[in-house]
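Structure first, commentary second.
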Amino acid sequence: MPANTLEDIVNMIRVKPGKKFRLKDHDPAWAGDLDVPKKERKALAEKILTDDVTALAESQNLLYASDSYSILIVLQAMDAAGKDGTIAHVMSGVNPQGCQVASFKHPSNEELDHNFLWRYAKALPERGRIGIFNRSYFEEVLVVKVHSEILANQRIPGAKPTKELWQARYDDINNFEHHLSLNGTVILKFFLNVSKEEQAKRFLARLNDPAKYWKFSASDLKERGYWDDYMDAFESCIAATSTEWAPWHVIPADYKWVSRAMVANVVARTIKSLDLKYPEVTKEKLAQIAAAKKQLEAEAK
């Protein structure tokens, strides 16, 4: 990690709404100040992760008790970028009862009979809970854009893969997220930015380890062949949908110790900024507590 403050790092990875955004300006292999030995940078990143995981565990109780906000964490990335590992490490200290993870595969026939946001809306976290979308409604302007033949399966009257359609979907997503924000859902969006070279290394690691064979799919290599198309789609999507109420964060993902620390810090500092407090106890409640305490102390004698 660099000599920069954590605030500087967060500002570096957050995509500013309305500003020109180019994916090539974000280095997937960024790993802090190179003048500092890697061992020291990694140790610092691991400490940040540990501290923020602890802070998340503590703030989750406040989030639940206040019952006013929910947190939606959106993770998007190419295959092997580390989404599952990020979820496991960042949320490791969180009570499972207060956290839910939703992964979205190919839509069912029932889901195809509704608008493209319907199945995602059903999986939103309730107040007091943290929800994680492992892939999300952004697939509708990513994989569907790269493979526009998917539109035919959605059976939308007159839908064609034009700039107007994609812009309409960006607008729908922005309006959807704005509605959620106005109603107490805090949205944090992360693009785990892994390089094509690092993806190849991780695929090979899976193929060289029998215990990881189950993770490999022939479709992984097929989708890798559309790498440039996906990068274009991600760039357009992030530029069009990073808003004040639901900002994107482009996370360097070639080093897992960097990406996990960054995601944990953004989530922890965001929840802390909500200034959550436990509900005030009424005089009547305090009287009940005092009476209950007196009764139990008497029984213990």
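The values are calculated or read from the model by the stated rules, or taken from the named source; none is laboratory data. Computed from a predicted structure; not experimentally measured. Cβ placement follows ideal geometry from the backbone for every residue including glycine, while neighbour counts extend to all protein chains displayed.
Structure above, values below:
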quantity	calculated
Filter result (without any contact (Cβ under 8 Å) to a residue 60 or more places away in the chain, in a loop (DSSP other than H, G, I, E, B) and within 27 Å of residue 95 (Cβ to Cβ)) within region 125-165	126
Counted residues, region 68-123 - those being among the acidic types (Asp, Glu) and in a helix (DSSP H, G or I)	3
Residue match in region 12-20 (condition: part of a loop (DSSP other than H, G, I, E, B), of a type in the set (A, V, I, L, M), in contact with an Asp or Glu (Cβ under 9 Å, 6 or more places away or on another chain) and closer than 24 Å to residue 246 by Cα)	no
Search result, residues across region 166-184 that are in contact with a strand residue (DSSP E or B) (Cβ under 6 Å, 6 or more places away or on another chain) and in a loop (DSSP other than H, G, I, E, B)	none
Residue 239 vs. criteria at pLDDT below 95 and under 21 Å from residue 30 (Cβ atoms)	no
Wholly within region 185-301, helices (runs of 4 or more DSSP H) carrying at least 2 residues that are touching an Asp or Glu at 6+ places or on another chain (Cβ under 6 Å)	256-273
All positions within region 90-138 that are on the phi > 0 side of the Ramachandran plot and more than 12 Å from the chain's Cα centre (by Cα)	128
Which numbered condition residue 50 misses (of (1) among the hydroxyl-bearing types (Ser, Thr, Tyr); (2) surrounded by 21 or more Cβ atoms within 10 Å (Cβ to Cβ); (3) without any contact (Cβ under 8 Å) to a residue 60 or more places away in the chain)	(2)
Selection count where residues are surrounded by 10 or more Cβ atoms within 10 Å (Cβ to Cβ) and either touching a residue at least 60 places away in the same chain (Cβ under 8 Å) or within 25 Å of residue 132 (Cβ to Cβ) (or both), scope region 261-296	16
